[in-house]
1. If you check residue 20 against the conditions, is it touching a helix residue (DSSP H, G or I) at 6+ places or on another chain (Cβ under 6 Å), open to solvent by less than 20 Å² (accessible area, probe 1.4 Å) and part of a helix (DSSP H, G or I)?
2. Which condition number does residue 80 fail, the rest of (1) in contact (Cβ under 8 Å) with a residue 60 or more places away in the chain; (2) farther than 19 Å from residue 23 by Cα; (3) not polar (S, T, N, Q) being met?
3. Pairs please, first residue from segment 177-190 and among the basic types (Lys, Arg), second anywhere and open to solvent by less than 90 Å² (accessible area, probe 1.4 Å), Cβ atoms under 9 Å, 6+ apart in sequence or on different chains.
4. Checking residue 42 against (1) modelled with pLDDT under 75; (2) surrounded by fewer than 20 Cβ atoms within 10 Å (Cβ to Cβ), which test does it fail?
5. If you check residue 115 against the conditions, is it open to solvent by 60 Å² or more (accessible area, probe 1.4 Å) and either free of Cβ contacts under 8 Å to residues at least 12 places away in the same chain or of a type in the set (A, V, I, L, M, F, W, C) (or both)?
6. Identify, please: which residue in segment 168-189 is hydroxyl-bearing (Ser, Thr, Tyr) and surrounded by fewer than 15 Cβ atoms within 10 Å (Cβ to Cβ) and is, among those, modelled with the lowest pLDDT?
7. For segment 118-132, does any single residue satisfy the condition of being touching a residue at least 40 places away in the same chain (Cβ under 8 Å) and open to solvent by 80 Å² or more (accessible area, probe 1.4 Å)?
8. So which of 65, 53 is open to solvent by less than 40 Å² (accessible area, probe 1.4 Å) and either modelled with pLDDT under 90 or under 18 Å from residue 33 (Cβ atoms) (or both)?
Amino acid sequence: MSTQGGPTGLSERALGPDLARGFMLLFIALANSHYFIAGRGYFGGFPTDGSPVDRGLGLLISTLVDGRAFPMFGVLFGYGVAQIVRRQRESGKEWWPIRKLLWRRSLVLIVLGFLHAMLLYIGDILAAYGVLLFLGVWALRWKDRWLFVVAALVLVLTALPSDDSLAGSAEGPDPSMLPTTFLGQFPDRLVVQPFIAGVGWIGFVTPFLIGLWAGRRRILERPAEHLTLLRTRPCSVSRSRSSARSRSRSSSAASSPGRATTR
């Protein structure tokens, strides 16, 4: 590995994290795709008046993609931050310059996220990641124990049920997602985007901290050294899919006229 603190050369890049990021970006695009489809009725964000093929694809996306790509990308975001920190430390940098580097990058993410949300897609979460990085810099020197304690605490708090958390939404995409005119999109988006950036990062705290821990151990770069941990993943993925299938069956049933289902 290079001892320089600059960008990683192609010959030095680790294939595992890069492949994982690429797949997660693809899955995030799939998870957001149904927000661009208008319909006469909706359930869980998916139009209910499509063809059997549309409903089948919606079932696959809600089973295998929804709610999985975003937290996994959060883990990879934390993993990448840990990689940056390790490279900077190996090049001889002290902690304060490393923090300033990450703060600059967080501000870039916030600005790019704001512009993207205004001009392209209001659901963009780059700005939320920027806020997360700006605050998450203070966790870089935490001991592993504190990473897990805070991650578990935030997970419990964010998993608490709300009044409508068990009900399937019958509302379509927010008007700010599908504006009727270019200029008409800005009033709604100027209200929605700061909310996404200011609150949305909270849901990524747990995966971010777990990613920091995993990045410290280079789990994706040196999988042979972590076989015991990695062998436990198929079981957890299987349980996750089973839970998702039950939610998807509810979604599929609700797509039939005259039937009401909650999930």
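1. no
2. (2) is the only condition that residue 80 fails.
3. 189/117; 189/118; 189/122; 189/176; 189/179
4. (2)
5. yes
6. 169
7. no
8. Answer to the selection: 65.
The values are calculated or read from the model by the stated rules, or taken from the named source; none is laboratory data. On a predicted model such as this, the values are computed, not experimentally measured, just so you know. No Cβ is skipped: glycine too gets one built from the backbone with ideal geometry, and neighbour counts run over all protein chains shown. Calculation scope for accessible area: heavy atoms of the full protein, side chains included, ligands and nucleic acids excluded. Shrake-Rupley method; radii C 1.70, N 1.55, O 1.52, S 1.80 Å.
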